[in-house]
Amino acid sequence: QVQLMESGGGLVQPGGSLRLSCVASGSISKIDEMGWYRQVPGSERSEVATITSTGITNYAGSVKGRFTISRDNTENTVFLQMNSLKPDDTAAYYCNAIILTRSATWPGDYWGQGTQVTVSS
């Protein structure tokens, strides 16, 4: 079984910064792409940023230049550094990873439980 555990959410003022972390644990053989998504009530979950196992990144237009995704492959961890936060960034942030477990033939799509980020004065 695989678990993704996020941390680092909270309340921050506009213009502030937060750093989210997500650790994958369990019977992991290989982790492919990892990413962060966010969702506000009444809306669909949307992609924020993704990173491949070789470090190729992709960002949503609304966060480009403000957010930075990175990963530590030795620790099965993905990070999201969020700077210049705006009220529109308020959402539940979810970690996602494409993981091949030791017992599987094909990789599976795994999600964390989510961490709330609130940007407000």
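For the chain, a simple Cβ point-charge model (Lys and Arg +1, Asp and Glu -1, everything else neutral) yields a dipole of about 140 debye relative to the Cα centre. At q = 0.18 Å⁻¹, what base-10 log of I(q)/I(0) does the Debye formula yield for the chain when every alpha carbon is treated as an equal point scatterer in vacuo? Calculated log10 I(q)/I(0) at the listed q: -0.88. Full extension of the chain segment joining residue 66 with residue 52 gains 3.1 nm, where the gain is 0.36 nm per residue of separation less the Cα-Cα distance. The string of couplings for segment 79-86 from the Karplus curve (6.51, -1.76, 1.60, θ = phi - 60°) is 10, 9, 8, 10, 10, 6, 5, 10 Hz, one whole number per residue in order, with x for Gly and Pro.
Maximal additional length on extending the residue 81-residue 7 stretch stands at 25.4 nm, based on 0.36 nm per residue less the C-alpha distance.
Backbone phi angles across segment 98-108, fed through the Karplus curve with coefficients 6.51, -1.76 and 1.60 (θ = phi - 60°), yield HN-Hα couplings of 9, 10, 9, 8, 5, 9, 9, 8, 10, x, x Hz in residue order; Gly and Pro are listed as x. A cut-off of 5 Å between modelled amide H atoms, ignoring neighbours fewer than 5 places along the same chain, links residue 16 with 85.
Here, each number is a calculation from the coordinates, and none is a lab measurement. All values reported here derive from a predicted model rather than from experimental measurement. Cβ coordinates were reconstructed from backbone atoms using ideal geometry, including for glycine residues, and neighbour counts include every protein chain displayed.
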